[in-house]
1. Evaluate the distance, in nm, between pseudo-label points positioned 7 Å from the Cα of Glu109 and of Asp744 along their respective Cα→Cβ axes.
2. Please compute, over every Cα-Cα pair in the chain, the percentage with a separation greater than 60 angstrom.
3. Apply the Karplus curve 6.51 cos²θ - 1.76 cosθ + 1.60, θ = phi - 60°, to the phi angles in the stretch 523-534 and return the couplings in whole Hz, x for Gly and Pro.
4. Could you give the nm distance between label points at Gln720 and Gln433, where each point is 7 Å from its Cα heading toward the beta carbon?
5. First obtain the Kirkwood hydrodynamic radius of the stretch 873-975 from its Cα pairs, then insert it into the Stokes-Einstein equation at 10 °C and 1.306 mPa s, and state the resulting D in µm² per second as a whole number.
6. Relative contact order of the stretch 515-594: what whole-number percent is it, with Cα pairs under 8 angstrom and at least 6 residues apart?
7. Can you list the residues of the stretch 1004-1036 with backbone N under 17 Å from a point 7 Å past the Cα of Arg190, pointing along Cα to Cβ?
8. Under 14 Å from the 7 Å Cα→Cβ point of Met23, by amide nitrogen: which residues of the stretch 1150-1176?
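Coordinate-derived values only; no laboratory data. As the structure is a prediction and not an experimental result, all values here were calculated from the model. Neighbour counts run over all protein chains shown; Cβ positions are idealised from the backbone, glycine included.
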Amino acid sequence: MRLISLEINGFKSFAQKTKINFMPGMTGIVGPNGSGKSNIIEAVRWVMGEQSAKDLRGDRMADVIFSGSSTRKALNRAEVSITFDNSDHYIQSDFNEIRVTRQLYRSGESQYLINNQECRLKDVTELFMDSGLGRESFSIISQGRVEEIFNGKPSDRRKVIEEVAGVSKYKKNKDTAEKRLNDTNDNLNRVNDILAELETQVEPLAEQSALAKEYQEQKIRFDQLDKTKTVLDITDHQKKHDEIQERVLNAQKMSEQYDVQNAHSTQQLAELKQQQVRLTAIKDELQAKLLNQTQSISELENSQNISNERSNNRQANLEQINRQIEQLKIQIDDATKELADLNQEQTQHLTKVQHNKDDLKQLRSLSAEERQAQMANQIESLQNEQVEQMQALTTLHNQKSFLIKNHEQDNKRQSQASIDLTAAQQKQTELQQTIQEVETELQENKVTLAKHEATLNEEASRRKSLRTSYDDTQKQWYQALGSEQTLQAKINSIKSLEADYSGFYQGVRFTLQHRTEFNGLLGPVSELIDVPTKYMTAIETVLGAQLQNLVVDNQTTGKQIINYLVAKKAGRVTILPVDTLSVHSLNTNTVDAIAAIAGFEGLASDLVTVDNTVIPVLKHLLGNTVVADNLDHATQISRTGQHRVRVVTLDGQLINASGSMTGGANKQQRQGLLSRQQELETFETKLSVAKAASTKFEEEVAKYDAAIKANQQSGEQFQQQVVDQRAVVQEINGRLLITENETDVIKKQVTALEFEVNQNNAESSSYSETLANNETEQGTVTAKIEAIKMEVVQLKSDLDNLKNNASVQARQIQEREQLIAVESEKITHGQQEIKRVEVSLANFELRLSNLQKQTNNDNATQAEQEELQRNNQLQLVELKANKQATETEIDKTNQQLNKTSDEVDAADQQQVRAQELQRAALDELNKVNARSVKLETLIDTGMNRLSERYAMSFNEANLDLIELPIEDIVSQLKLLKRGLDEIGPVNLGSIDEYERVSKRFNFLNDQKDDLMDSKQQLNETMAEMDEEVKSRFESSFNEVAGEFEKIFIEMFGGGQAKLVLTEPDNMLTTGVDIIAQPPGKKNQQMSLLSGGERALTAITLLFSILAVRPVPFAILDETEAALDDANVNRFARYLSTYGDDGPQFIVVTHRKGTMMNAKVLYGVTMQESGVSKMVSVSLEDVRTT
């Protein structure tokens, strides 16, 4: 056998179809790291059945498909094919050439082919089994496989020898045999258990059959009397039932009447509660309105108080300004008077200058006599002037005293004004800072107030929504409670019937009441089937009394029940053992034929649902029954089925298989077992829904009630928070207004004080000058008076000596010139004084004008403020009146709300009374209904008793009565029952049962013998397999050990090595160890050798295996990677020794020595990123050239 080729397409990095042809001898595969060399080896493993994606260096199998590159798209399929020359039939196959193909798609689909024929993975695995090939064989040896050998445990190395020995199929067969042996032991245990149980049944069955005949004789007479009593009881029950129906009608009428009353009460209560909610909302709105009105009144009152305070401050300010005005007027008068005086003095000085000039002129022009007369006039004038100057001096003295006194007063006022100004400025600064702080505080509190008001509004809106939800939910709750009570009453009525098993025959009822005595009792047919409402009437009609048949697991349970009833003399039952029932069915042709007829609803057995365990019962009872929509179609179906089909219509008309028809209708439709059970389930479902709804509504009502209370409580808290916060805001507003008013007053005070201080400073600056001028003027006047005195003396002397002294005239002229100069200087000074006084007078008048303007402005502001106060007072009166009206409306609303609350309580009590009356009516209706149902059940029980036990109708039984008084019938029935009880329980089918059990007992004994024989054969087979495995393993181990010793010397160039068994006495579990002694070293374990020595030793072992178990080809994946160059050359030379007639070696390598010994080299490159390509070179051709 020879490996011919490998074709790779879409596998890992081989995006393009690549075919590698393999020649005899050694083929080398080389290439740089990452070029895809190892992908070739993995392709071989993959096509030969490798299932581990991890061993193929992937996370999942789809990772082997080419995933694309920067220039190529990903592929959707990977395919690898490997071809062998099998002309020597090395592989057990009839083909001379074998081609194995594996394909995988990204969708997950995959397939295997052998010679282009689709096959299974198992077929590929079996093809290579024990051939030395395959994914786990030694035909593929990687560097990791070498490491497994020298790093593995002895037990792992054993697997290497087992592969050589070819014992895998024996171990697999042994595993199969062990599994079969375990199955055989399990079957044998089950057979023994069944035999033990059957042994306990055989003997009792023989005893039971003896009592059957005696029981039957007394039972016939008992049944005749029982039929008669049943007919008489039915007649009596029917009479009572007719009487009770009238009570049922009356009770229904009363229940409906109370339903109407209850609905009316509920509606009235809901309306009153809605009115209560509306009044509560009105009250909340009025209280909110009252709160706003109270707040407005408080704000207006605060505003009035602040306005009054401002008016008072403004009035005080006006009074102070008026005082300043009066003072300024005095100062203006004084300045005006002073100015007039100065002007007068200025006129006098001008007059004097002019007089002196005239005197000077006269002196220069007059004669001596004229001068004497003039001098006399001058003396008189000077004396007059002296008097005037004396008066002027007195005035100056008075002015000086006045100036000093005023200056002292001005100093006091200036000092006080400066102190007041500093205090006022400090107060103004403090007030401005306080205003900033109060404004910040006001803004923060306004934000808080807005939040509280928003929260209060949200709570009010939420409370209104909660109240609406509460009323709606409460109404739904009351309705759900009413439905729940009605449904519960109906369920209790039905359950009371169910608990008594009313409607069931005596025997069935008695058995069901003691059903815990019978483990195998599954229940009556009526409990075990689930019938859709649409088919209820049809199924009840067709099954009839069979609904009371008891279903048991087997005949044994059935016998126990019958024996129990016999022992207790508690009646008769029909039992359906699941394991022995015959199954009825229609053939396919008949079903197809009748299914094509119009009105065909389906096979009854298909329309009814049962548990899988009782399907035989369903097939037994309804297997040949068809359901049709009406009688006409039922007739057609019966005819088509050749009257071998039982057909029942949806309304209960029945056509039997024989062709007979049963039908009609009663005035009052009686409740059957199925419909009763279904009605109970329906009511319970509705009750569950009603309870869930009631509970849900109750929880929601409680939730809404708690939420409303919590909302009211939180609303009150939020309301109080709003009130408190509004009070805080109002108080801060008041403080802010007061502070702003104080600031305005202080501001005006500061302005007035600054003006006063500045004015005082100006006056103080002019005081020194005025005082100095006064003193100067006094000095001047005094000097002037002295000069006048001297001048008068001189003039008098001059006048006396005028005649004697010629120079007097010249002196007088000089004096007049000096006087003119002095007066001129006074005129100049007087002009300066006039200017000063005029400036002061202008300042006084300007201050007076400003103060008068301020007075006018304050008067206007005061008038406006008084008008505003009058308007606020009118608005305050109106608000108080509105508040009083609102309080009256709140009182009125509270009265209406209290009245409505009383009406709600009364309506609630009325509803409770109505519900109590309704429940009482329902109880009465349930009571009479229960009595009616019980009578109907007794009648049905009697009818069913006749039908089930005696297969007779009421009319038929009525024709075959025993003519005896009822007392005698009851007495004889008691005697017969006592006799039957004394006989005890009997099993009428005991003979057949005994035969069946005996036959089964013998059959199982035969089965036991067969199982024992099979067990012995399996143990012998397993022992033979163990011997074969031991023999093959020992033989293969000896051969491999011998080859290993020889090849070791060849590979190492000397030394010695051997394989040893860890447990020579136990060939089934012994491990394999390696002892090696390279040249120049001592014997030692593998673990003590160097890395290269261990690798070469492991390679030696693999070569030993190939020598013992030659394979057609071997793939070596960098096996020699750990060897040095010398050992690589030995490795390569050893491979070359096989020549072309030996195995093919495909070697993936990086080592030069291995490449040089290869016959053909394949180079793997990646000219295109991510895509591998192959290049081949024949080294033999190169060597020959």
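1. It works out to 9.7 nm between the two label points.
2. The proportion of pairs with Cα distances above 60 Å equals 66 percent.
3. x, x, 4, 4, 7, 9, 10, 10, 10, x, 4, 4
4. Between Gln720 and Gln433, the simple spin-label model gives 3.7 nm.
5. My calculation gives 74 µm²/s for D.
6. Relative contact order, the stretch 515-594: 31 percent.
7. 1004-1012, 1014-1015
8. 1156-1163, 1176
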